[in-house]
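Beneath this line is the structure, given in structure tokens, with notes to follow.
The values are calculated or read from the model by the stated rules, or taken from the named source; none is laboratory data. These numbers were taken from a predicted model, which means no experiment stands behind them. Cβ: placed from backbone, ideal geometry, glycine included. Neighbour counts: every protein chain shown. To get the accessible areas, we keep the full protein, side chains included, count just its heavy atoms, and leave off ligands, DNA and RNA. Shrake-Rupley method; radii C 1.70, N 1.55, O 1.52, S 1.80 Å.
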Amino acid sequence: MSDKTGADAPAMVKCLVWDLDNTLWQGTLLEDVEVRLPDAIRTAVVELDSRGILQSVCSRNDHDLAWARLEELGIAEYFVLPEIGWGPKSEAVRRIAEGLSFAHRTIAFIDDQPAERAEVAYHLPDVRCYPAEEALTLTGLPEFSPAVSTVDSRRRREMYQAGFRRESERSDFEGPDQEFLRSLELVMRIDRATGEEITRVEELTLRTSQMNATGVHYSDRALRDLLADPGHEVLVTSLTDRFGPHGAVGVMLLEKHPAVWHLKLLATSCRVVSFGAGSVILSWLVSQAAAAGVHLVADFRRTDRNRMMEVAYRFAGFDEEPCACRDAVATAHARAGGAEEVERLHLAAAPQPPSATIRLVAPDLAVRAAADSSVAAGA
């Protein structure tokens with residue numbers, strides 16, 4: 001049994017921090033450089049990685065010697081922000097959490113020494129601590145078992161590692177931020193979601209709170225229903241650069257009426273705020289609405305965390321000015337049984353200039369809107 005339990009369902013673990021000697025591997029490295037990695041432990045490391053759970057190392061050892069052994073064993077690549085040295089383990093775990101920007105309640109620590117677990121638990125009471133003998137049972141515990149597994153979750157560790165390299169280069173870069181962004185060779189794709197991508201979209205709505213315009217989390221079933229509705233667009237945004245993929249970083253839910261497009265949800269990952277991804281998405285949508293000759297109405301519901309999203313809407317030109325186009329949105333919302341809990345921000349769309357730092361690959365919603373109007377007129 002773990003050293004920390006609770007009556008409520010546990011929060012998901014986002015990072016597991018391993019001790020090395022007699023925990024990850026068998027033996028003590030400073031006494032036996034040929035310490036052994038059990039096959040079952042290797043399998044557990046690989047399995048947790050495939051679930052999108054990050055892993056790190058916190059060990060009292062000589063750094064160079066320990067890291068070399070991890071490389072010889074072929075598993076060094078699975079560990080991010082390793083802390084190998086001689087200081088208190090609680091401080092090492094704290095640095096790992098801060099480096100990942102993870103809350104302590106999403107961190108787990110496993111060690112064979114009760115004193116080490118007690119020291120971490122005392123200074124970091126929200127970190128969950130497990131004895132080494134439970135290593136092979138972790139993959140069966142609910143806190144290590146995400147409800148869904150997506151393409152992005154399976155490569156989460158690679159995306160974080162690319163992010164660390166990107167930040168390292170950014171700190172060494174001499175020049176304006178815009179020049180650095182150009183050097184990244186950023187490419188954004190906006191695509192209509194497919195059935196296979198719905199789990200990625202759902203995960204993004206679940207994981208995003210600061211940059212979620214309404215704070216609403218859409219279930220897999222709700223998203224699939226919208227996907228099958230010709231009056232709706234479910235759009236997913238991904239981003240790549242020369243360091244690798246950022247994965248899915250944005251989702252839009254758009255309901256189209258003849259004179260107005262209703263943006264029901266815009267959510268973007270906090271990971272790409274510094275790249276201006278949200279502004280690029282909104283600028284593209286505004287240009288598309290202008291080409292289709294329609295206005296935009298965007299839902300916004302204030303939460304305790306999404307102030308940045310309101311700023312993005314205001315910066316794009318959305319306001320509370322009255323317009324007849326709001327009536328179509330209000331009527332459709334009432335028919336759907338929606339509660340009037342949201343603010344509806346309005347924009348008379350005009351073409352927007354392209355981004356100077358991000359190359360955009362996206363569908364032409366205006367063409368599809370014109371085709372849909374022609375079909376409706378013919379009917």
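Some notes on this structure:
- Some residue of region 298-305 being more than 15 Å from VAL329 (Cβ to Cβ), free of Cβ contacts under 8 Å to residues at least 40 places away in the same chain, among the basic types (Lys, Arg) and open to solvent by 30 Å² or more (accessible area, probe 1.4 Å): no
- For region 20-36, the set of residues classified as in a loop (DSSP other than H, G, I, E, B) and either among the small types (Gly, Ala, Ser) or open to solvent by 20 Å² or more (accessible area, probe 1.4 Å) (or both) consists of ASN22, GLY27, THR28, LEU30, GLU31, ASP32, VAL33, GLU34, listed by residue number.
- Members of region 49-105 found to be among the charged types (D, E, K, R) and assigned to a strand (DSSP E or B), listed by number: ARG60, GLU83
- Selected residue (only one of GLU174, GLU179 is free of Cβ contacts under 8 Å to residues at least 60 places away in the same chain, under 27 Å from VAL273 (Cα atoms), in a helix (DSSP H, G or I) and charged (D, E, K, R)): GLU179
- Residue list for region 267-299, restricted to those being at pLDDT below 90 and either assigned to a strand (DSSP E or B) or among the β-branched types (Val, Ile, Thr) (or both): ALA267, THR268, VAL272, VAL273
- Top-ranked residue of region 204-225 - restricted to ones that are out of contact with any Asp or Glu (no Cβ under 8 Å at 6 or more places or on another chain) and buried (at least 21 other Cβ atoms within 10 Å of the Cβ), ranked as modelled with the lowest pLDDT: THR208
- Enumeration of residues in region 68-78 that are open to solvent by less than 60 Å² (accessible area, probe 1.4 Å) and more than 14 Å from TRP25 (Cα to Cα): TYR78
- Among residues of region 79-91 that are open to solvent by less than 40 Å² (accessible area, probe 1.4 Å), those with a beta-carbon under 7 Å from a residue that is part of a loop (DSSP other than H, G, I, E, B) at least six positions away or on a different chain give the pairs ILE84/ASN61; SER90/LEU124.
- Tabulated pairs, region 348-365, first open to solvent by less than 50 Å² (accessible area, probe 1.4 Å), second assigned to a loop (DSSP other than H, G, I, E, B), C-beta under 8 angstrom, 6+ apart or interchain: ALA349/VAL294; SER355/GLY276; THR357/LEU184; THR357/GLY276; ILE358/GLY276
- Residues in region 51-67 that are open to solvent by 40 Å² or more (accessible area, probe 1.4 Å) and over 16 Å from ALA132 (Cα atoms) were compared, and the one that is nearest to the chain's Cα centre (by Cα) is ARG51.
- Restricting region 226-239 to residues that are touching a residue at least 40 places away in the same chain (Cβ under 8 Å) and surrounded by 14 or more Cβ atoms within 10 Å (Cβ to Cβ), the residue that is nearest to HIS257 (Cα to Cα) is GLU233.
- Within region 32-55, residues that are in contact (Cβ under 8 Å) with a residue 24 or more places away in the chain and closer than 27 Å to ALA11 by Cβ reach partners that are assigned to a loop (DSSP other than H, G, I, E, B) and open to solvent by 30 Å² or more (accessible area, probe 1.4 Å) with beta carbons closer than 6 Å, at six or more positions or on different chains, in the pairs ARG51/PRO146.
- Search result, residues across region 120-174 that are among the small types (Gly, Ala, Ser) and open to solvent by 50 Å² or more (accessible area, probe 1.4 Å): GLY140, ALA147, SER149, SER168, SER171
- Residues in region 104-115 that are touching a residue at least 40 places away in the same chain (Cβ under 8 Å) and open to solvent by less than 60 Å² (accessible area, probe 1.4 Å): THR106, ILE107, ALA108, PHE109, ILE110, ASP111, ASP112.
- Scope region 257-277; condition open to solvent by 20 Å² or more (accessible area, probe 1.4 Å), under 20 Å from PRO245 (Cβ atoms) and not hydroxyl-bearing (Ser, Thr, Tyr); matching residues: CYS270, ARG271, VAL273, GLY276
- Check on ASP319, free of Cβ contacts under 8 Å to residues at least 12 places away in the same chain and surrounded by fewer than 22 Cβ atoms within 10 Å (Cβ to Cβ): no
Let's see how each residue does on (1) modelled with pLDDT of 90 or more; (2) farther than 20 Å from GLN288 by Cα; (3) of a type in the set (Lys, Arg); (4) not in a strand (DSSP E or B):
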{"residue": "VAL236", "(1), (2), (3), (4)": "yes, no, no, no"}
{"residue": "HIS246", "(1), (2), (3), (4)": "no, yes, no, no"}
{"residue": "VAL251", "(1), (2), (3), (4)": "no, no, no, no"}
{"residue": "LEU254", "(1), (2), (3), (4)": "yes, no, no, no"}
{"residue": "TRP261", "(1), (2), (3), (4)": "yes, no, no, no"}
{"residue": "LEU265", "(1), (2), (3), (4)": "no, no, no, no"}
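- All told, PHE164 falls short of being within 25 Å of ALA362 (Cα to Cα) and assigned to a helix (DSSP H, G or I).
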